[in-house]
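*Asks:* One structure follows; several queries about it will come next.
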Amino acid sequence: MNNWVRNAVGKINADAHRSADTHLFKLPLPRLEGIDIYLKDESTHPTGSLKHRLARSLFLYALCNGKIKEDTTIIEASSGSTAVSEAYFARMIGVPFIAVVPKSTARSKIRLIEFHGGQIHFVDAAPQMHDASEKLAHKIGGYFMDQFTYAERATDWRGNNNIAESVFTQMAREPHPIPSHLVMSAGTGGTSATLGRYIRYKGYDTELTVVDPENSVFYDSFISGDRSLVSKKSSRVEGIGRPKVEHSFQPGVIDHMLQVPDAASVATMLWLEGVIGRKAGPSTGTNLWGALSVAQAMLRENRQGSIVTLLCDSGDRYLDTYYNPEWVADCIGDCTTYTNSLHATYG
Ligand SMILES: Cc1ncc(COP(=O)(O)O)c(C=O)c1O
């Protein structure tokens, strides 16, 4: 075995070994009687999002498949978070990294990619990321990591402390230790694939609901079974929702899908800060709106239980956008109906 590859794998595994697990918050929502909602806080990874897990898995997968050598430039198509995490691992093993990102990507993420030593290659909009990355990789002889294809298979879905195993372990001492539902949004679909497979592998009585923002084709494709659907518009919830059905998206392990209005995602994200005292990103708003919708359905059916969803990244990355009322008014629209309904229902 090549010594450089052995060292690179060793460095990534040592980094994982030094890491602590991410916290599972229980939301204080007394009006949801008999139903507990939990948020797994993925913002506390060293690179600030759930994509830290994916980036680690993609690097190990590529290294162990002989795709990355000492002088390989890594290229990735990303709305930002994956690129931040991959830049961190690229620097750790000493290879150059180029992120192909839409020009709408939050400036703070661009700064973070550069902070970790990555270079930026802008494209006009999300649908162009894939082809631009392939072309760039071809031109410079680099390796296109391609999270939208490989996310679902790079992660060890049977365990190895993946996100699903971590959730079920952390739930062990709760009143309802086996969640009735896991709720997750999809960007690559990799996280939902891991959750859905793990539920089946362990035989848990847990249903997986995937939430989808406006302008994404995942929902329609799930309902119709048509994987060729495309949308001309880009998702306005950064990190999730795609204009085409990515290879990594695995509908077969999803029990339900739910469409969430973008204004509801933003209203929930802002409301959450008053509940747990910390800012989350907009995809967390989508997740939590979905979890609350599931909770309301359980209440109507007189069911008790627990629901787990993810806090995907911190709101500090979006202070100029989703936390800026003028930007929200221009780019998302009026959120007051959802804000009022959240306060009226949960306080
Ligand atoms: C902020 C954020 N939330 C959620 C997701 C969705 O995760 P996945 O790609 O595993 O579907 C992403 C993925 O890019 C993301 O960046």
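*Asks:* Looking at Leu50, Leu60, Leu24, which one is more than 25 Å from Ile113 (Cβ to Cβ) and either open to solvent by less than 50 Å² (accessible area, probe 1.4 Å) or within 16 Å of the ligand (Cβ to nearest atom) (or both)?
*Replies:* Testing whether each residue is more than 25 Å from Ile113 (Cβ to Cβ) and either open to solvent by less than 50 Å² (accessible area, probe 1.4 Å) or within 16 Å of the ligand (Cβ to nearest atom) (or both) leaves just Leu24.
*Asks:* Is there a residue in region 135-149 that is under 22 Å from Leu288 (Cα atoms), touching a residue at least 60 places away in the same chain (Cβ under 8 Å) and not in a helix (DSSP H, G or I)?
*Replies:* Within region 135-149, not a single residue is under 22 Å from Leu288 (Cα atoms), touching a residue at least 60 places away in the same chain (Cβ under 8 Å) and not in a helix (DSSP H, G or I).
*Asks:* Which condition number in (1) acidic (Asp, Glu); (2) over 22 Å from Leu292 (Cα atoms); (3) crowded, with 24+ Cβ neighbours inside 10 Å is the one that Asp212 fails?
*Replies:* Checking Asp212 against (1) acidic (Asp, Glu); (2) over 22 Å from Leu292 (Cα atoms); (3) crowded, with 24+ Cβ neighbours inside 10 Å, the one that fails is (2).
*Asks:* Report the residue count in region 74-88 for those that are open to solvent by 10 Å² or more (accessible area, probe 1.4 Å) and within 9 Å of the ligand (Cβ to nearest atom).
*Replies:* Start the filter on region 74-88 by keeping residues that are open to solvent by 10 Å² or more (accessible area, probe 1.4 Å), which leaves 79, 81, 88.
Filter again for within 9 Å of the ligand (Cβ to nearest atom), leaving 79, 81.
Adding up the residues that qualify gives 2.
*Asks:* Another question, then. Which of (1) free of Cβ contacts under 8 Å to residues at least 40 places away in the same chain; (2) among the hydrophobic types (A, V, I, L, M, F, W, C); (3) buried (at least 23 other Cβ atoms within 10 Å of the Cβ) is the odd one out, the single condition Ala186 does not satisfy?
*Replies:* Among (1) free of Cβ contacts under 8 Å to residues at least 40 places away in the same chain; (2) among the hydrophobic types (A, V, I, L, M, F, W, C); (3) buried (at least 23 other Cβ atoms within 10 Å of the Cβ), the lone unmet condition for Ala186 is (1).
*Asks:* Next up: Across region 273-297, what is the number of residues that are within 16 Å of the ligand (Cβ to nearest atom) and either within 17 Å of the chain's Cα centre (by Cα) or part of a helix (DSSP H, G or I) (or both)?
*Replies:* So in region 273-297, the residues within 16 Å of the ligand (Cβ to nearest atom) come out as 278-291.
Then keep just the ones that are either within 17 Å of the chain's Cα centre (by Cα) or part of a helix (DSSP H, G or I) (or both); that gives 279-291.
The total comes to 13.
So that you can scan it fast, the table gives a plain yes or no per residue for (1) under 27 Å from Leu319 (Cβ atoms); (2) hydroxyl-bearing (Ser, Thr, Tyr):
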| site | (1), (2) |
| --- | --- |
| Lys244 | no, no |
| His247 | no, no |
| Ser265 | yes, yes |
| Leu270 | yes, no |
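*Asks:* Is at least one residue of region 66-73 within 14 Å of the ligand (Cβ to nearest atom) and outside any helix (DSSP H, G or I)?
*Replies:* no
*Asks:* Go through region 125-150 and report how many residues are small (Gly, Ala, Ser) and either surrounded by fewer than 17 Cβ atoms within 10 Å (Cβ to Cβ) or under 18 Å from the mean Cα position of the chain (by Cα) (or both).
*Replies:* Summing the residues that are small (Gly, Ala, Ser) and either surrounded by fewer than 17 Cβ atoms within 10 Å (Cβ to Cβ) or under 18 Å from the mean Cα position of the chain (by Cα) (or both) in region 125-150 gives 3.
*Asks:* Listed residues Leu258, Leu270, Leu208; which is assigned by TED's automatic domain parsing to the domain that holds Leu32, away from the ligand (no atom under 14 Å from the Cβ) and in contact with a helix residue (DSSP H, G or I) (Cβ under 6 Å, 6 or more places away or on another chain)?
*Replies:* Only one candidate passes the filter, namely Leu258.
*Asks:* Could you count how many residues in region 298-332 are among the acidic types (Asp, Glu), away from the ligand (no atom under 15 Å from the Cβ) and assigned to a helix (DSSP H, G or I)?
*Replies:* Start the filter on region 298-332 by keeping residues that are among the acidic types (Asp, Glu), which leaves 301, 313, 316, 320, 326, 330.
If we keep only those that are away from the ligand (no atom under 15 Å from the Cβ) too, we end up with 301, 320, 326, 330.
Restricting the remaining residues to those that are assigned to a helix (DSSP H, G or I) gives 326, 330.
Matching residues across region 298-332 total 2.
*Asks:* Another question, then. Before we move on, is Ser104 buried (at least 24 other Cβ atoms within 10 Å of the Cβ) and outside the structural domain of Glu273 (by TED's automatic domain parsing)?
*Replies:* no
*Asks:* Here is a further query. Scan region 1-53 residue by residue and report those that are within 13 Å of Ser306 (Cβ to Cβ) and not in a loop (DSSP other than H, G, I, E, B).
*Replies:* Correct list: Leu24, Phe25, Lys26, Ile35, Asp36, Ile37, Tyr38, Leu39, Lys40.
*Asks:* Another question about this same structure. If the requirement is being within 19 Å of Gly10 (Cα to Cα) and not in a loop (DSSP other than H, G, I, E, B), which of these qualifies: Ala87, Ala83? Let's see the steps before the verdict.
*Replies:* On the way: Ala83 fails: within 19 Å of Gly10 (Cα to Cα).
Of the residues listed, the single one that is within 19 Å of Gly10 (Cα to Cα) and not in a loop (DSSP other than H, G, I, E, B) is Ala87.
*Asks:* From Val266, Val253, grab the single residue that is surrounded by 14 or more Cβ atoms within 10 Å (Cβ to Cβ), β-branched (Val, Ile, Thr) and more than 29 Å from Pro177 (Cβ to Cβ). Steps first, answer last, please.
*Replies:* Working: Val253 fails: more than 29 Å from Pro177 (Cβ to Cβ).
Just one listed residue meets the conditions, Val266.
*Asks:* If you don't mind, another one. Among (1) open to solvent by less than 70 Å² (accessible area, probe 1.4 Å); (2) away from the ligand (no atom under 16 Å from the Cβ), there is one condition Ala99 misses while meeting the rest; what is its number?
*Replies:* Every listed condition holds for Ala99 apart from (2).
The values are calculated or read from the model by the stated rules, or taken from the named source; none is laboratory data. Just so we're clear, the structure is a prediction, and the values are computed from it rather than from any experiment. Methodologically, a virtual Cβ is constructed for each residue, glycine included, from the backbone with ideal geometry; neighbour enumeration extends over all protein chains shown. Just so you know, the surface numbers come from the protein's heavy atoms only, side chains and all, with ligands and any DNA or RNA stripped out. Shrake-Rupley method; radii C 1.70, N 1.55, O 1.52, S 1.80 Å.
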